[in-house]
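I have placed the structure first, in the form of structure tokens, so that the comments after it can refer back to it.
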Amino acid sequence: MTGKIYMNDQRITVDTNILIYSVDVDAGDKHKFAMQLMDELVDKNCVLTLQALSEFYSAATRKGKATVEEAQSQITDWQIVFPIIAAKASTLSMAVKATSTYKLSFWDAMIWATARQNGVEVLMSEDFQHGQNIEGVYIQNPFEHEIK
């Protein structure tokens, strides 16, 4: 993992795993890097998906990475700092098609489709194939390479 994050004005979103790592003190370097990344994204053109926030709450509380109160507080903070985008009815059809066309899991396809429909150009996640470009949404695994 690297130090400084560099990005241009592209619209960015992060997947649930980045949000989880940002609060998971047991994740070592990934925790430190995810915290730094989220801090850097405050000043960037970053949006969060309602799905990622929902998955964050479920996973963080279920896995003991945050108490209910801590998870609620973190989500409130992110909602203040980042615009939130959500799926529409048409997102579901787009995601279902992407599961077969691009061999994505259903929930990854939903995040991707929500991002694509909302003008997101970079989706940061370690769940997709790094460097893949899916219909104009570039997949960046921030733990694999330095972001430029």
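The values are calculated or read from the model by the stated rules, or taken from the named source; none is laboratory data. Here the structure is a predicted model, which means the values were calculated and not measured. With ideal geometry, Cβ positions are generated from the backbone for all residues, glycine too; neighbour counts draw on all protein chains shown.
Some observations on this one:
- Residues that are touching a strand residue (DSSP E or B) at 6+ places or on another chain (Cβ under 8 Å) and among the hydrophobic types (A, V, I, L, M, F, W, C), drawn from the range 105-148: Ile111, Trp112, Ala115, Val120, Val122, Leu123, Met124, Phe128, Val137, Ile139, Ile147
- Extreme residue, surrounded by the most Cβ atoms within 10 Å (Cβ to Cβ), among residues of the range 77-94 that are farther than 13 Å from Gln51 by Cα and more than 16 Å from the chain's Cα centre (by Cα): Met94
- Residue match in the range 98-119 (condition: under 15 Å from the mean Cα position of the chain (by Cα), among the acidic types (Asp, Glu) and either under 23 Å from His31 (Cα atoms) or part of a helix (DSSP H, G or I) (or both)): yes
- Exclusive hit being farther than 21 Å from Asn8 by Cβ and among the charged types (D, E, K, R), set Glu135, Glu55, Glu121: Glu55
- Evaluation of Ser54 against the conditions (1) among the hydroxyl-bearing types (Ser, Thr, Tyr); (2) surrounded by 14 or more Cβ atoms within 10 Å (Cβ to Cβ); (3) at pLDDT 95 or above; (4) closer than 13 Å to Thr16 by Cβ shows that the sole unmet condition is (2).
- Subset of the range 77-86 [free of Cβ contacts under 8 Å to residues at least 40 places away in the same chain, within 17 Å of Ile18 (Cα to Cα) and in a helix (DSSP H, G or I)]: Asp77, Gln79, Val81
- Looking only at the range 1-14, and only at residues there that are modelled with pLDDT of 95 or more and of a type outside the set (Ser, Thr, Tyr), the one that is surrounded by the fewest Cβ atoms within 10 Å (Cβ to Cβ): Arg11
- Taken as a whole, the structure places Ala71 among residues that are in contact with a helix residue (DSSP H, G or I) (Cβ under 9 Å, 6 or more places away or on another chain), over 13 Å from Val14 (Cβ atoms) and at pLDDT 95 or above.
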